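Q: Would you mind keeping the following structure in view while I ask a few things?
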Amino acid sequence: MSDTRLSVFKTYKLYVGGKFPRSESGRVYEVTDKKGNWLANVPLSSRKDARDAVVAARKAFGGWSGATAYNRGQVLYRVAEMLEGRKEQFVREVAESEGLSKAKAAAVVDAAIDRWVWYAGWTDKIAQVVGGGNPVAGPFFNLSSPEPTGVVVVLAPQESSFLGLVSVIAPVIATGNTAVVVASERAPLPALSLGEVLATSDLPGGVVNVLSGRTAEIATPLAAHQDVNAIDLAGAGTDDGLAKELEIAAADNLKRVLRPQPVDEVDWAATPGTDRMTAFLETKTVWHPTGALGASGSSY
Amino acid sequence: MASVFEYAPAPESRSIADIAPSYGLFIDGEFTEAADGKVFKTVSPSTEEVLSEVAQAGEADVDRAVKAARKAFDTWSALPGSERAKYLFRIARIIQERSRELAVLETLDNGKPIRETRDADLPLVAAHFFYYAGWADKLDHAGFGADPRPLGVAGQVIPWNFPLLMLAWKIAPALATGNTVVLKPAETTPLSALFFADICRQAGLPKGVVNILPGYGDAGASLVAHPDVNKVAFTGSTAVGKQIARTVAGTRKKLTLELGGKGANIVFDDAPIDQAVEGIVNGIFFNQGQVCCAGSRLLVQESIQEELLESLKRRLSTLRLGDPMDKNTDIGAINSEEQLSRITTLVERGEAEGAERWSPACELPESGYWFAPTLFTNVTQAHTIARDEIFGPVLSVLTFRTPDEAVAKANNTPYGLSAGIWTEKGSRILAVANKLRAGVIWSNTFNKFDPTSPFGGYKESGFGREGGRHGLEAYLDV
């Protein structure tokens with residue numbers, strides 16, 4: 001009968017380029033709950049996995065950044081819809097990963113779903129909020145518009161394995177960037193499961209790539225990677241060690257760097273501002289002469 | 001080719017700029033000697049004449065200046081925005097009053113034509129202060145939330161190509177937002193910043209709010225590394241920018257960088273040739289090409305290459321190179337011997353790699369640092385002159401057949417500061433502008449600047465924006 005049925009474990013895999021590969025290194029590591037009970041073996045990504053993820057993210061950038069803001073908004077909303085249907089699974093994973101009660105984990109998952117909805121609504125508004133016409137002192141049309149920076153490496157928060165994760169991914173892709181996400185090292189299961197949700201949310205393959213493994217091992221080659229445009233150090237810790245090393249490596253091609261906030265200042269449940277979007281936006285300003293319609297004849 | 005029009009010399013009088021034989025550092029409202037007594041000479045690049053002897057800041061002076069700025073910060077940042085605004089409006093007005101003097105001074109110290117300092121640099125400097133003055137009491141409405149706070153002490157390092165304008169781009173937004181500043185001008189062009197110090201005194205600006213430290217790269221490095229600096233702003237080379245990014249790594253210092261470029265100026269076959277030629281000339285020969293956003297790569301559609309180049313060469317033959325103080329001069333002196341030798345080396349490299357070099361008949365003055373307007377054809381993307389920033393009056397001409405090819409070539413650089421598009425077809429302008437990875441796109445125009453218009457780069461041309469509402473962000477804790 002059903003109470004004696006042996007359950008089917010899930011093989012947790014990476015999410016790269018819209019596919020679910022194991023680590024090319026063949027390595028895994030054990031993930032446990034807060035009490036040390038075994039939960040799963042997950043891929044221990046190598047630097048080669050990291051490079052593959054950058055290639056996938058770069059390949060996806062043209063299409064995703066070129067999609068209409070409305071389209072991106074619908075895709076982000078679709079992520080919320082898909083999550084809503086798999087809520088139970090995420091509540092369980094968050095509860096186990098973060099040692100939360102079912103009720104608290106459910107609140108976290110609800111907040112994460114709502115966050116996708118929040119950012120879904122931002123995709124076609126941010127340009128009007130941060131861009132606009134500039135009243136230059138001359139006969140020129142002059143317009144500033146935000147554009148996505150490119151490929152963004154996101155080191156997901158180590159503690160908040162799902163709400164924190166969603167809070168750093170959604171703003172990056174809402175504006176048209178593509179992302180290589182390094183999941184929480186200790187609690188990667190919600191991130192790897194999120195990959196499965198993204199794969200069924202009309203999000204083009206490669207827009208979000210999820211790696212699990214040792215943050216320092218994967219982040220180091222990513223911070224030095226010449227085809228990465230920016231890095232969010234949220235999960236790099238605020239001590240003088242890793243975050244600083246990564247920022248130094250990032251200077252080699254002048255990546256945009258979002259430094260980690262002191263842990264006690266981070267309240268992932270609070271409504272975010274626009275900072276995590278604007279950190280990965282460029283401003284492009286386009287000029288064109290306007291000509292004039294004067295009594296002496298037109299010059300346009 | 002013989003000049004069509006002969007001009008009589010029309011020199012601006014230099015007596016309006018009264019340059020003292022020596023200048024000190026400007027710290028805490030006073031001119032003072034360097035702690036170690038070091039001085040350096042600043043020369044006029046068009047004549048090699050020594051203009052003045054200037055105190056050279058070292059690490060101890062940087063520390064003294066940062067302390068003065070820190071001390072001034074509490075009071076300055078606590079002033080009502082409307083009061084800070086009035087100081088900045090005063091500064092803007094005094095600059096307008098003294099603009100002829102400052103234009104002459106800048107031309108003497110920098111070597112650029114008086115026509116440019118008078119008609120471009122100085123009007124923009126005054127406008128920049130006037131613009132940011134108006135922001136000082138309106139920061140709540142700038143889109144960064146209520147009551148955005150200043151960062152503290154800003155350490156600013158600026159280049160020699162637009163000495164006073166770069167100072168304005170740095171100091172005006174910093175002060176408007178309530179920060180205090182320590183600014184290091186470039187070692188070859190310290191004078192206008194020191195005259196600006198005097199303007200601060202005339203405006204009654206509180207002591208320590210603005211500190212000016214003439215000096216070399218070591219002083220800049222000390223300033224950037226100083227633990228009590230909260231904000232670093234740098235305009236200069238990409239190599240130094242990367243070094244600065246490494247220095248501030250792991251700190252809480254906010255950083256903005258405005259670095260090099262290799263701007264593509266794209267001319268399509270339907271472009272108005274005469275206008276495009278003016279734009280190309282302006283794009284690469286304005287300020288002797290010593291402009292980070294210069295249009296140093298001309299991408300011309302293959303079918304009109306001959307016609308365009310013929311027209312361009314004819315136009316270059318009419319440029320007048322010589323005494324920068326002459327109001328008819330188009331091309332002035334290269335800023336320094338060092339820069340001249342860099343340009344020369346890269347141009348020789350261009351020839352050695354097989355590109356074809358051309359310059360109009362052009363007599364160079366005997367003293368001073370000069371380089372004739374130069375054009376390279378048969379340039380490929382692999383050539384050094386198509387990849388490296390030359391920062392001189394040297395244009396590399398490449399060709400393309402399709403808009404896609406033009407965009408691919410334009411973007412094929414680690415830089416991303418500026419680009420130009422010349423075509424009569426509106427949809428093509430918008431499509432190409434959309435695809436170019438550069439911070440400023442000039443369509444059917446080039447090298448236009450305005451205090452309301454954000455300026456800054458993509459990729460290795462740096463990050464952050466100067467100018468406009470966007471420029472405030474660099475100096476606010478947001």
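Read the figures in this text as sums done on the coordinates, not as results from a lab. All figures in this text were calculated on a predicted structure; none of them were measured in a lab. Ideal geometry is used to build each Cβ from the backbone, glycine not excepted, and the neighbour counts take in all protein chains shown.
Q: Okay, helix-only estimate at 222 nm for chain A: each DSSP H run of n ≥ 4 adds -39500 (n - 2.57), divide by all residues, round to 500 deg cm²/dmol; what do you get?
A: Values: 10 runs with 119 residues, N = 300.
Per the formula, -12500 deg cm²/dmol.
Q: While we're on this one: Specify the angular offset, from 0 to 90 degrees and rounded to the nearest 10, of the alpha carbon long axis of helix A:69-85 from the longest principal axis of the alpha carbons in chain A.
A: 20 degrees
Q: Cα-Cα over 26 Å: which of A:K48/B:K459; B:K313/B:K459; A:K13/A:K35; B:K262/B:K327; A:K10/A:K59? Kindly include the intermediate steps, with their values, before the conclusion.
A: Values: A:K48/B:K459 24 Å; B:K313/B:K459 33 Å; A:K13/A:K35 23 Å; B:K262/B:K327 29 Å; A:K10/A:K59 29 Å.
Table pairs above 26 Å Cα-Cα are B:K313/B:K459; B:K262/B:K327; A:K10/A:K59.
Q: Same structure again: Express the Stokes-Einstein translational diffusion coefficient of the range A:11-287 in µm² s⁻¹, to the nearest whole number, given a Kirkwood radius over alpha-carbon pairs, 4 °C and a viscosity of 1.567 mPa s.
A: On the way: Rh = 18.7 Å.
D, rounded to a whole number, is 69 µm²/s.
Q: In straight Cα distance, which aspartates and glutamates are under 15 Å from B:K38, not counting same-chain residues fewer than 8 positions off?
A: Within reach: B:E53, B:E59, B:D61, B:E187, B:D218.
Q: By the gyration tensor of its Cα atoms, with a ≥ b ≥ c the square roots of the eigenvalues, what is the shape of the range B:264-443: rounded for a/c under 1.5, prolate for a/b over b/c, or oblate? Mind showing how you got there, number by number?
A: Values: a/c = 1.75, a/b = 1.53, b/c = 1.15.
In terms of gyration-tensor shape, prolate.
Q: Can you give the Kirkwood hydrodynamic radius of the protein assembly as shown from its Cα pairs, in Å with one decimal? Each step should come with its number before you reach the end.
A: Details: mean 1/r = 0.0361 Å⁻¹.
Mean inverse Cα-Cα distance, inverted, gives 27.7 Å.
Q: Here is a follow-up. Which whole number gives the average count of other chain Cβ atoms within 10 Å of the Cβ atoms across peptide B:250-262?
A: Details: counts 12, 4, 2, 0, 1, 2, 0, 2, 0, 1, 0, 0, 0.
That average works out to 2.
Q: Going by how many other Cβ atoms sit within 10 Å of their own, how do A:Y70, B:Y23 line up, fewest first? Present the calculation step by step, with values, prior to reporting the outcome.
A: Working: A:Y70 10, B:Y23 23.
Placing the least packed residue first, the sequence is A:Y70, B:Y23.
Q: If you keep only loop residues by DSSP, which trypsin sites (Lys or Arg not before Pro) in the range A:98-201 have at most 15 other Cβ atoms within 10 Å of their Cβ?
A: Passing both the DSSP loop test and the Cβ count: A:K125, A:R186.
Q: Lys and Arg at +1, Asp and Glu at -1: add these up for the other residues within a Cβ distance under 10 Å of B:P148 and post the number. Mind dumping the intermediate values first?
A: On the way: positive: B:R149; negative: B:D140, B:D147, B:E473, B:D477.
That sum, taken over residues with Cβ under 10 Å, equals -3.
Q: Mind listing the phi-derived Karplus ³J(HN,Hα) values for the range A:17-25, rounded to whole Hz, using 6.51, -1.76 and 1.60 with θ = phi - 60°, and x for any glycine or proline?
A: Coupling constants for the range A:17-25: x, x, 10, 10, x, 7, 4, 4, 6 Hz.
Q: Another question, if that's okay. If you line up the long axis of helix B:238-248 against the longest principal axis of chain B, both from Cα atoms, how many degrees apart are they, to the nearest 10?
A: With both axes taken from Cα atoms, the answer is about 30 degrees.
Q: Here is a follow-up. Taking loop as defined by DSSP and a crowding limit of 10 other beta carbons within 10 Å, which chymotrypsin sites (Phe, Trp or Tyr not before Pro) in the range A:104-147 fit? Intermediate values should be presented prior to the final figure.
A: Values: sites: A:W116, A:W118, A:Y119, A:W122, A:F140, A:F141; in loops: A:W122.
Listed in order of number, the matching sites amount to none.
Q: Non-local amide H neighbours of A:T32 (under 5 Å, H modeled in plane, Pro and chain starts lacking H): which ones?
A: A:L39
Q: Also, quick follow-up: Can you run phi through the Karplus equation (6.51, -1.76, 1.60; θ = phi - 60°) for the range A:54-61 and list ³J(HN,Hα) in whole Hz, with x for Gly and Pro?
A: The phi angles translate into 5, 4, 5, 5, 5, 5, 7, 5 Hz.
Q: Can you put A:V172, A:V266 in order, fewest other beta carbons within 10 Å first?
A: Numbers: A:V172 29, A:V266 17.
Fewest-to-most Cβ neighbours within 10 Å comes out as A:V266, A:V172.
Q: Next up: With label points built 7 Å along Cα→Cβ from the Cα atoms of A:R5 and B:D228, find their separation and express it in nm.
A: 7.1 nm
Q: Over its Cα atoms, what ratio of radius of gyration to 2.2 N^0.38 Å does chain B give? Please list the in-between numbers first.
A: Numbers: Rg = 22.0 Å, N = 478, 2.2 N^0.38 = 22.9 Å.
For chain B, the normalised Cα radius of gyration is 0.96.
Q: Going by Cα centres, the range B:279-314 and the range A:181-256 are how many Å apart?
A: That distance is 42 Å.
Q: Also, I was wondering about something else. Between rounded, prolate and oblate, where does the range A:144-272 land on the alpha carbon gyration tensor, with a ≥ b ≥ c its root eigenvalues, rounded for a/c under 1.5, else prolate if a/b exceeds b/c?
A: Details: a/c = 1.34, a/b = 1.09, b/c = 1.23.
The shape class here is rounded.
Q: Here's another thing I want to ask about it. Under 14 Å from a point placed 7 Å out from the Cα of A:Q128 along the Cα-to-Cβ direction: which residues of the range A:50-82 have their backbone N that close?
A: Backbone N within reach: A:69-70.
Q: By DSSP, what percent of the beta bridges with both residues in chain B are antiparallel, rounded to the nearest 5? Mind showing how you got there, number by number?
A: Working: 17 of 57 bridges.
Taking every DSSP beta bridge with both residues in chain B, the antiparallel ones total about 30 percent.
Q: Run the reach check for B:K86 against aspartates and glutamates, Cα to Cα strictly under 17 Å, same-chain hits fewer than 8 apart removed. What comes back?
A: The qualifying aspartates and glutamates are B:E97, B:D137.
Q: Across the range B:355-367, in residue order, what do the Karplus-derived ³J(HN,Hα) couplings come to in whole Hz, using 6.51 cos²θ - 1.76 cosθ + 1.60 with θ = phi - 60° and x for Gly and Pro?
A: Taking θ as phi minus 60°, the curve returns 7, 9, 9, 9, 9, x, 4, 7, 8, 9, x, 6, 9 Hz for the range B:355-367.
Q: With Cβ to Cβ distances under 12 Å as the rule, what net charge do the other residues near B:L316 carry (K, R +1; D, E -1)? It would help to have the intermediate numbers written out before the result.
A: Numbers: positive: B:K313, B:R314, B:R315, B:R320; negative: B:E278, B:E310, B:D330.
Combined, the nearby Lys, Arg, Asp and Glu give +1.
Q: What is the spin-label model distance, in nm, from A:E159 to B:S359 if the labels are put 7 Å beyond Cα along the C-beta direction?
A: Calculated label separation equals 6.5 nm.
Q: Could I ask something else about it? Quick one: which residues, 5+ away or cross-chain, put their amide H under 5 Å from the amide H of A:V154? H built at 1.01 Å from N.
A: A:V180, A:V181, A:V182, A:D232
Q: Which angle between 0 and 90 degrees, to the nearest 10, do you get for helix B:81-97 versus the longest principal axis of chain B when only C-alpha atoms count?
A: Roughly 50 degrees between the two axes.
Q: Would you mind calculating the gained length between A:R22 and A:A199 on full extension (0.36 nm times residue separation, minus the Cα-Cα distance), in nm to one decimal? Please list the in-between numbers first.
A: Working: separation 177, 0.36 × 177 = 63.72 nm, distance 1.59 nm.
Stretched fully, the A:R22-A:A199 segment lengthens by 62.1 nm.
Q: Given a cut-off of 25 Å, name the pairs among A:K244/B:K409; A:K284/B:K242; B:K184/B:K435; A:K19/A:K284; A:K255/B:K138 whose C-alpha atoms lie farther apart than that in the structure shown. Could you put the intermediate results ahead of the total?
A: Numbers: A:K244/B:K409 35 Å; A:K284/B:K242 22 Å; B:K184/B:K435 37 Å; A:K19/A:K284 34 Å; A:K255/B:K138 32 Å.
Long pairs (Cα-Cα over 25 Å): A:K244/B:K409; B:K184/B:K435; A:K19/A:K284; A:K255/B:K138.
Q: Using a Förster distance of 60 Å, how high is the FRET efficiency between B:A8 and A:V55, based on the Cβ-Cβ distance and rounded to 0.05?
A: Working: r = 64 Å, r/R0 = 1.07.
For R0 = 60 Å, the calculated efficiency reads 0.40.
Q: Taking the beta-carbon count within 10 Å as an exposure proxy, list B:Y7, B:Y475, B:Y87 from fewest neighbours to most. Don't skip to the end; give the middle numbers.
A: Numbers: B:Y7 11, B:Y475 30, B:Y87 22.
The most exposed by this proxy come first: B:Y7, B:Y87, B:Y475.
Q: For the range A:12-116, which semi-axes, largest first and in whole Å, follow from the square roots of 5 times the eigenvalues of its Cα gyration tensor?
A: Numbers: eigenvalues 147, 116, 15 Å².
Semi-axes from the Cα gyration tensor: 27, 24, 9 Å.
Q: Under 5 Å between amide H atoms, partner at least 5 residues away or on a different chain: which partners does A:F141 have, H built in plane at 1.01 Å?
A: For A:F141, the qualifying residues are A:H288, A:T290.
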